[in-house]
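A short worksheet on the structure shown next.
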Amino acid sequence: MAKTAAVLDFKSASLHVLRAVLRTADTAELTRALDQRMLEAGAFYENEPVVLDAHGLDQAPDWRALADALRRHRLHPIGVRAPKALLASADEAGLAPLDISTGRQAEGRADAPAKAARAASAPEAPDAPAPASAERARPAAPARVSGANEPAPPAGAETPAAETLVIRHPLRSGQRIYARGGDLIVMGMVSQGAEVIADGHIHVYGPLRGKAMAGARGNPHAMILTTQLDPELLAIAGVYRVVETRLPDSLHNRPAQVELDGDTLRIRALQDAH
């Protein structure tokens, strides 16, 4: 008798997610805060799975409305972390209970381990610690070096891992370049409104005036280096800082290095980096 080929298997798998920490049950306030955060972060969180963390709340927000708001920003809510009293309403909204402190779904569901790295807006002082507001979980991704000169597809596209990507022209507002699996080198200006993203390091040989996001898949050793620092946003491995006011004269429009120190972004003049 011929064996029947298996068409479906269940296996444990790593689940790398964002954790959106809810500080209030006011859905309108949460939605406004989400809109502002996504405006600041641009495409950084696009197409990511999200766990809604309401562990500190004693009443539930409107789960469906909140999930819909996340989807409008191209985020994918998959579950909640919440007190037992709030889980029934979340389940009615189609959100599974998740225990991300142990890495397992609640009530004996499938494995879902996640190692979190803090993602937050840092205060204006370059070396000050950043307060927690959301968490990002990603695996480290080592960069590989070779040569390339064509832009990679945006985050979320199904493409083979890339090596170092070299862009030999300035980037205008609205342009977005992603170096999947490696470093990104831009030989020219990154204008306001432009975004450069890399799984490894980012080098900008010219003014960096847009958004730069290194270590996009969770590599905490990634760096951002530029010959002229004047950014809108800086991020490494999910820890990000929105630059809303002019940087100190020692950093503004000067060669600089940005790296991650624990949960804090450190911005240093390049000559002081070592």
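The values are calculated or read from the model by the stated rules, or taken from the named source; none is laboratory data. Worth saying up front: this structure is predicted, and the values here are computed from it rather than measured. Neighbour counts are summed over all protein chains in view; Cβ atoms, including those assigned to glycine, are modelled from backbone coordinates with ideal geometry. Accessible surface is based on the protein model in full, side chains and every heavy atom, while ligands, DNA and RNA are left aside. Shrake-Rupley method; radii C 1.70, N 1.55, O 1.52, S 1.80 Å.
Filter the range 222-269 down to the residues that are out of contact with any strand residue (DSSP E or B) (no Cβ under 8 Å at 6 or more places or on another chain) and closer than 16 Å to Glu40 by Cβ and list them by number.
Glu244, Thr245
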Practice problem: Name every residue in the range 29-46 that is modelled with pLDDT of 70 or more, surrounded by 19 or more Cβ atoms within 10 Å (Cβ to Cβ) and not in a helix (DSSP H, G or I), in order of residue number. | Solution: Tyr45
Quiz item: What tally of residues in the range 50-102 results from selecting those that are open to solvent by 20 Å² or more (accessible area, probe 1.4 Å), closer than 25 Å to Met38 by Cα and in a helix (DSSP H, G or I)?
Solution: 5
Self-check item: Every residue from the range 227-252 that is at pLDDT below 95 and open to solvent by 60 Å² or more (accessible area, probe 1.4 Å)
Solution: Glu244, Thr245, Arg246, Asp249, Ser250
Practice problem: Return the only residue of Val186, Val204, Val190, Val166 being modelled with pLDDT of 50 or more, surrounded by 14 or more Cβ atoms within 10 Å (Cβ to Cβ), touching a Leu at 6+ places or on another chain (Cβ under 6 Å) and not polar (S, T, N, Q). | Solution: Val190
Quiz item: Which one of Thr227, Thr245 is among the polar types (S, T, N, Q) and in contact with a helix residue (DSSP H, G or I) (Cβ under 9 Å, 6 or more places away or on another chain)?
Solution: Thr227
